[in-house]
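Coordinate-derived values only; no laboratory data. Nothing here was measured: the structure is a model prediction, and the numbers come from that model. Here Cβ is always computed from backbone atoms with ideal geometry, including for glycine, and neighbour counts include all displayed protein chains.
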Amino acid sequence: MTKTYKIKCENVSKVYDLNVNRKDKLLSLFTFGLSYKSKPYYALHDISFEVEEGTSVGIIGLNGSGKSTLSNILGGVVEPSSGTVYTNGKPSLIAIGAGLNPEFTGEENIHYKCLMHGMTQREINEKFDDIVQFSELDEFIYQPLKSYSSGMKSRLGFAIAIHTDPDILIVDEALSVGDETFSNKCIDKMHDLQEQGKTIFFVSHSAGQIKKMCKKAIWIHYGEMVAYGEVNDIVARYVNLIQKVKKKSKQEQLEYKRIKIQQQRNKEVDDSVIQKEKRPTSLLAMIGIMGVAWIYILLFQVGIL
């Protein structure tokens, strides 16, 4: 029987140019780029894996290891610098405040995000009450998002995402800021989605949450994929490393981190990869999308929609 892959990554890397301060930009502008020297930093390097339909995968690693960068790439929020991501389905990324507008109220953000997911006005109206009920925000749904705590933003983002019927759900540390009762409620909902055949990526540095939620795991360590396989095996190896690091002195831990980050900076990178990061295409596209969304919200506020 042929296996169906929901997501496939082939040699995916993400490079950021650290030499992008205002002085360097101005100097590069006046010298037509002749004086510019890039300082590449590999947030991710040569990541490859395949995930079957209906599989729950944990993405685990230390803070700053590249977990969120990978989840943003999988969710289509960020483009890889090199390599290819094949997606067979509609992904939905849940991170703290991801894709939400701080100036909009919770109500307006529901309409905004659902619109971005291609839902019609009728579909949004039909699911609105269910979204608010799941989020448990009650009357706060009519307050601006900028007044929300991180936990409230996470609740709203999760509630919206699960009601947009995503084929691929990507949860990035969103449950780490909420209370335990709501987190367990979200985990139960994700189990329901698994039973429906949805593919789930669960990003966390918590070994316990990963084991509770996932069947498989990807271990990212300072931009490199250490391993991908059965969750118990991967988590055991990850925990073993954590225990070894904790036994080191504070100075040794800082030195270990410094060396690893330096390795991310010292990798050779093709200049064309850095140039790709400077292209304005994605920004222009986002400006266009945001413009449409603002018009939609304005029409909603005046009662036309």
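In table form, for the structure just shown:
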| read-out | value |
| --- | --- |
| Nearby aspartates and glutamates by direct alpha-carbon distance to Lys39 (threshold 13 angstrom, same-chain neighbours under 8 apart not counted) | Asp17, Asp24, Glu268, Asp270, Asp271, Glu277 |
| Alpha carbon Rg of the range 32-143, scaled by the compact-globule rule 2.2 N^0.38 Å | 1.40 |
| Selected from Ile162, Ser149, Ser206, residue furthest toward positive end of dipole (the range 136-231; charges at beta carbon) | Ser206 |
| Overall dimensions of the range 105-206 by Cα: Rg and Dmax, Å | 13.2, 39 |
| Glu103-Tyr16 FRET efficiency (beta carbon distance; Förster radius 25 Å; 0.05 resolution) | 0.35 |
| Förster radius 30 Å - calculated FRET efficiency between Ser147 and Arg122 (Cβ-Cβ, nearest 0.05) | 0.50 |
| D (Stokes-Einstein, µm²/s), Kirkwood Cα radius, the range 73-113, 0.890 mPa s at 25 °C | 201 µm²/s |
| Label-to-label distance, nm, for residues given as Glu79 and Asp46 (7 Å Cα→Cβ offset) | 2.4 nm |
| Loop-located GluC sites (Glu not before Pro) in the range 101-131, at most 13 other Cβ atoms within 10 Å (DSSP) | Glu103 |
| Unsatisfied cross-links (Cα-Cα over 30 Å) in the set Lys185/Lys257; Lys211/Lys247; Lys127/Lys216; Lys146/Lys215 | Lys185/Lys257; Lys127/Lys216; Lys146/Lys215 |
